[in-house]
Amino acid sequence: MVTPMNRRQLFETALAVGLPGALNRAAAQAPPDWGGPVLDIHLHPHKEPESTFAHIEGSGVAKAVLLTNISAEASAKAAVEKYPGRFVRFTAVDAAKPDAADILRKSLNGGAIGMGELKSHVRIDGPEMRRIFDLAAELQVPVLFHISEVPQFPGEGVYNTPIQGLPAVLKAHPKTTFIGHADAFWANVSAEVPGDVPYPSGRIKPGGLTDRMLADHPNLHGDLSANSGRNALGRDTDFMAGFLARHQSKLMFGCDCSCRDGRGTGQSSQQPLIKGKCVARETLTALKQLTPPEIFRKITWENGARLLKIKA
């Protein structure tokens, strides 16, 4: 990883040689300095560990949680082993599988430190998810879930709905640590949520369900990753500055980025805020603009490190 000293030396060298555009090229290649270590709680492992590592290096991230479907567990394990201290891994499986809890238990006993991203075509308050929530409480690991109520392409369906059922789940499973993520979770920062738009725009109406759940339930945390998190941060900056301050001890940075290098190369999303860009860089930049340094540090390192018992 390029240190601040190395970055300065890189710029000085570019200036010294006097090549046209050398300084601009050096600045473009150097990873950003976020003023301290950053923990990304939502990165999916690439097939090759080198590519997964390139993403955190390029985006200036110190450590990342690899959210790993059981089918990709070998890739995540390879990254953890090849780059000591830079990755930890969660585990996930389709909750609809009859043996889902057994699969997750085995993976957790094999080194995973949490469950996620749980993304299934089942109800959030149904028996499939409840047995997983019970397992998380038993093993004392967090559960990161995807909750989406608006299909984004034909045949996609919805995941872990309805969000209106989530408060009862949080109350019924007080010993389970939940981490909310995705379209419905972040659309509901507002009390007005259109039923057919995954990423609402415009002013946020106070009193949204997500805002209330974070305030009312100690076992709920928020994952600011993906276009859903980035969209929420950008749609009403005045409201979101207050939201981040209110829930500063319960929110965590994540990227859920599809780019290959932490600079936007290969970004597949067509959403305006992140098209052609690295979601990690975009979200971290937005958080810096919306928070004072002490809250930025909580959201980008301290909260996740405390929850997952991660050391710098």
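Rule-based calculations on the coordinates, nothing more; no lab input. All values reported here derive from a predicted model rather than from experimental measurement. All Cβ positions, even for glycine, are placed from backbone atoms using ideal geometry, and neighbour counts span all protein chains on display.
Overview of results
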{"read-out": "For region 129-146 versus region 186-234, the gap between their alpha-carbon centres in whole angstrom", "value": "22 Å"}
{"read-out": "At most 10 other Cβ within 10 Å, DSSP loop - chymotrypsin sites (Phe, Trp or Tyr not before Pro), region 69-151", "value": "none"}
{"read-out": "Sorted by Cβ neighbour density within 10 Å, fewest at the top, the residues Ile70, Ile274, Ile103", "value": "Ile103, Ile70, Ile274"}
{"read-out": "Per-residue Cβ neighbour rank within 10 angstrom, fewest leading, Tyr83, Tyr199", "value": "Tyr83, Tyr199"}
{"read-out": "Fraction in percent of alpha-carbon pairs per bin - 10 Å, the chain", "value": "6, 27, 36, 22, 6, 2, 0"}
{"read-out": "Chain lengthening between Lys175 and Lys47 when straightened (0.36 nm per residue, less Cα-Cα)", "value": "42.6 nm"}
{"read-out": "Relative contact order (percent, whole number), region 216-262, Cα cutoff 8 Å, 6+ residue spacing", "value": "54 percent"}
{"read-out": "Cleavage-rule hits (trypsin sites (Lys or Arg not before Pro)) in region 191-269: DSSP loop, at most 14 neighbouring Cβ within 10 angstrom", "value": "Arg203"}
{"read-out": "Label-point separation, Glu138 to Gln164 (7 Å along Cα→Cβ), nm", "value": "3.3 nm"}
{"read-out": "Lys82-Lys106 FRET efficiency (beta carbon distance; Förster radius 25 Å; 0.05 resolution)", "value": "0.65"}
{"read-out": "Within the chain, percent of DSSP bridges classed antiparallel, to nearest 5", "value": "5 percent"}
{"read-out": "Crossing angle, helix 237-246 versus the chain [Cα axis fit, 0-90 degrees, rounded to tens]", "value": "70 degrees"}
{"read-out": "Longest segment of the chain lacking GluC sites (Glu not before Pro) that sit in a DSSP loop with at most 16 other Cβ atoms within 10 Å", "value": "1-155"}
